Structure formats: structure tokens, C-alpha cells
Amino acid sequence: MNPFQFTRVTTPKAAISAVTKESGTYFLAGGTNLIDLMKREVIVPERLVDINKLPLATIEKTATGLRIGAMAKNSTVAENELVKKNFPLLSQALNAGASAQLRNMATVGGNMMQRTRCSYFYDNTMPCNKRSPVQAGPDKGEPNGPTGCGAIGGYNRMHAIFGTEASDRSEKCIAVHPSDMCIALVALDATVNVSGPKGDRKIPFIDFHRLPGDMPQKDNTLQPGELIMSVDLPMNSFAENSHYLKVRDRASYAFALISVGAGVSMKGNTIQDVRLAMGGVAHKPWRLTAAEQFLKGKPATEANFKQAAALAMKGAKGYGENDFKLTMAPNSIVEALKTATKTA
Ligand SMILES: Cc1cc2nc3c(=O)[nH]c(=O)nc-3n(C[C@H](O)[C@H](O)[C@H](O)COP(=O)(O)OP(=O)(O)OC[C@H]3O[C@@H](n4cnc5c(N)ncnc54)[C@H](O)[C@@H]3O)c2cc1C
Ligand code: SF4
């Protein structure tokens, strides 16, 4: 590993000023992704700012719902009684991620910021626009390995089927966002509270992560020096009927091929309200708004679920090895809805 400076901070203000002062500085939370990337020299920081002593690990009721601190551990959030009672979708999604040991270290903020698991991104000898962007240079970080996209025309079994086109109508990156937790948070209409050199702001969760477009190196809309402080969840009526379905190569310790977060509010057999999001399909957590609109006010039947899934798949595109997702994704949407509505 390359040498780097290490600073431990105890206040958000000190953390923000530490990253603002120097480029090449990263916040260190649980370290389960960042240290991995440093060992492989995909990220070569000049300085780490350890934020583990920041008072940001609380989970508390608010007037409108629940606030979860950015430093709350994934395992703590998953097992919290308020989360289990009111947001079981979040609890299920967290427990579907990684392993018990990793969940004990991983934090909410770190989970949101984790990088893609595309194998070309992790290999400095292979072409990757995310790791070595075309626009790299003195102000944007030196290229780290060849540019291009190894996955397009290469090994792309895990890769995206939605939202891959750049403004020049080519594809620059087809990587998927890897988090399970974030699929539940986008379905539950969460808001991210951040603090930075220019002050505090709120980001709707759906706008936190971004599509690759012409800047695949940028995973999210956080500005330089901004620190994730907490995530707010509005109270909802989905607790009774929710389900997180994760399809993966083995039962534990594997990222999703496809995942679906479904929350449904029912009156008898009629769907009053519904939230749907999918993972393993795009550069960001993928909300299925067309399917949600279709299902509202309709009976919870397999035929309606299939129609909703067909709407959700509009615009999907496979890249060869991941073509199976074009079938697996709609089937997973139907299965998640059947389980959530207890009509399976
Ligand atoms: C073997 C393995 C299997 C895994 N399987 C899964 C899985 O199935 N599902 C899943 O969802 N995840 C999985 N993960 C990923 C794991 O969940 C993430 O590594 C973890 O959530 C990252 O959190 P952390 O606190 O360790 O972040 P760190 O590694 O400390 O940081 C990650 C990034 O977030 C930034 N950061 C951290 N906190 C903040 C903050 N408050 N504000 C701004 N930036 C911040 C850091 O600077 C860094 O860039 C797996 C990981 C491993 C190693
Ligand atoms: S899909 Fe994205 S992360 Fe993977 S090689 Fe292509 S540019 Fe890199």
C-alpha cells in the first residue's frame, strides 16, 4: 500500500475542513470498501480523515419519520426496533447485503458511497472509464490505467440494462450500483442530509446517485468536501406489505444479479399505493415509477403484476452476457409483488 497521512476528527466541521483543504483526501468510515480499493491501488489517497468518532450514529424518531445517522452501522440499523417495525423493507435489504462481519463494520454513509463491483474497475491493467476517465488530468486526478470500457464487448454478466447512454449516444460505462440498502432507501423516498464547505443541504435519495452519462467516474451528486450527515425516512403505510427480493449466485456474501424492493399499501385486495425499486440493473438505484402508476387502484393479481413488470422493462437493453437479466428482472418484479401482497 502507498503511504498516506491519517487524521482523526471529532466534529463534522473539522471533518469537512480537513477534506476541503487538500485534494486526494478521503473520509474513512468502516473502511470495508475504501481500504480494499487502496490495497488494489484503484484509489491512492494522500490523506485519510477518520470520521468514526463523529456523533452521527444515532437512530431517532422525528416529527415526520425516522432519522438515521450516517455513521450508524448496517447491522445496528437492520436490527433497530423502529426500523423493523416501520421500515421492514430497509431491514430486509440491509440483512441481504454482504456478511454479518461486514455489516458490523459498514456504515450507512459508506454503503451509499461504495464503488461499483465491475471487475475491470478493480484491475488497473484493464480499460475502465470510471477508474481512468478521459477527462482526467492535473485537476481531475491522473488516469490510473487505460481508458475505455472493458465490460462493453467483454465480461458483462453483472452489468446494467438501463440508463447507460451518454450524450453522444455512445456508452461510456455499463456498471451497476452495488448497494442493497440504497434500493430500499430509494423506494422509501428517503432524503439525504449533507453538510459541506458551502453549508447544509438536503438531497432527495433518487437524485443522490447518478447515471454515468459523459462522466462515469462520478457515482453521485455529492460536491467536493461534503459529508453525509444522516438519512431521513418519511413515515409510510408499507410496513405490512413489503418485500426485498435479492437474486444472486449464492445465498450469502454475493452482490445482486437483480434485486427488487417492493412496498405496497392495500385496502382489501386493492393496491392503494405502491413503491418499487430495482437493483443490479443500472448505475443508480432504479425506481420503477411507470409500474407504480399502473398498479395504483388496481387489484393485486398476477396479471396486473406482469403488466406492471412489462412497463418497468421498457427501454431495457442487454450487452450479451447479461441478456438473461431481461427475463430475470420482470420475473423478479412479479415475485416480489406477489410476496409483498401475500398473493404468492
Ligand atoms: C466481500 C464483500 C461483500 C459485500 N457484499 C455486499 C452486498 O451484498 N450488498 C451491499 O450492499 N454491499 C456489500 N458490500 C459492500 C459493503 O456494504 C460496503 O463496503 C460498505 O457498506 C461500505 O461502508 P463503510 O462504512 O465500510 O465505507 P468506507 O469503506 O469507509 O467508505 C466508502 C466510501 O464512502 C466514503 N464515505 C464514508 N462515509 C461517508 C460520509 N459520511 N460522507 C461522505 N462520504 C463518506 C468514503 O470516503 C469512501 O469513499 C460487500 C463488501 C465486501 C467487502
Ligand atoms: S462498466 Fe464502467 S466500471 Fe466497468 S469497465 Fe466499463 S467503465 Fe469501467
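Inside the range 255-287, residues that are under 15 Å from the mean Cα position of the chain (by Cα) and either at negative phi or not in a loop (DSSP other than H, G, I, E, B) (or both) make up a count of 18.
Here N144 clears all of (1) at pLDDT 95 or above; (2) within 16 Å of ligand 1 (Cβ to nearest atom); (3) not in a helix (DSSP H, G or I) except the condition numbered (1). If you go through the range 83-133 and keep only what is more than 7 Å from ligand 1 (Cβ to nearest atom) and open to solvent by 50 Å² or more (accessible area, probe 1.4 Å), you end up with K84, K85, Q92, N95, A100, Q101, N104, R117, S119, D123, T125, M126. Of all residues in the range 233-291, those that are surrounded by fewer than 18 Cβ atoms within 10 Å (Cβ to Cβ) and of a type in the set (F, W, Y) total 1.
Considering only residues that are open to solvent by 50 Å² or more (accessible area, probe 1.4 Å) and either under 20 Å from N322 (Cα atoms) or in contact (Cβ under 8 Å) with a residue 24 or more places away in the chain (or both), look in the range 159-170 and name the one that is farthest from ligand 1 (Cβ to nearest atom). The selected residue is D168.
A count restricted to the range 36-61 and to residues that are of a type outside the set (D, E), outside any strand (DSSP E or B) and open to solvent by 50 Å² or more (accessible area, probe 1.4 Å) stands at 8. Residues in the range 296-343 that are open to solvent by 60 Å² or more (accessible area, probe 1.4 Å) and of a type in the set (K, R): K296, K298, K306, K314, K317, K342.
In the range 221-246, the residues that are farther than 20 Å from R67 by Cβ and charged (D, E, K, R) reach residues that are in a strand (DSSP E or B) and modelled with pLDDT of 95 or more with C-beta atoms within less than 9 angstrom, at least six apart or across chains, in these pairs: E240/V264; E240/S265; E240/M266; K246/I258; K246/S259; K246/V260; K246/G279.
So which residues in the range 31-63 are farther than 30 Å from G145 by Cβ, hydrophobic (A, V, I, L, M, F, W, C) and away from ligand 1 (no atom under 12 Å from the Cβ), if there are any at all? If the condition is that a residue be farther than 30 Å from G145 by Cβ, hydrophobic (A, V, I, L, M, F, W, C) and away from ligand 1 (no atom under 12 Å from the Cβ), then I59, A63 are the ones that fit.
The values are calculated or read from the model by the stated rules, or taken from the named source; none is laboratory data. Given the structure is predicted, the values throughout are model-derived calculations rather than measurements. Please note: Cβ atoms are built from the backbone with ideal geometry, for glycine as well, and neighbour counts cover all protein chains shown. The protein model used for the area step is the full one, side chains on, heavy atoms only, and it has no ligands, DNA or RNA in it. Shrake-Rupley method; radii C 1.70, N 1.55, O 1.52, S 1.80 Å.
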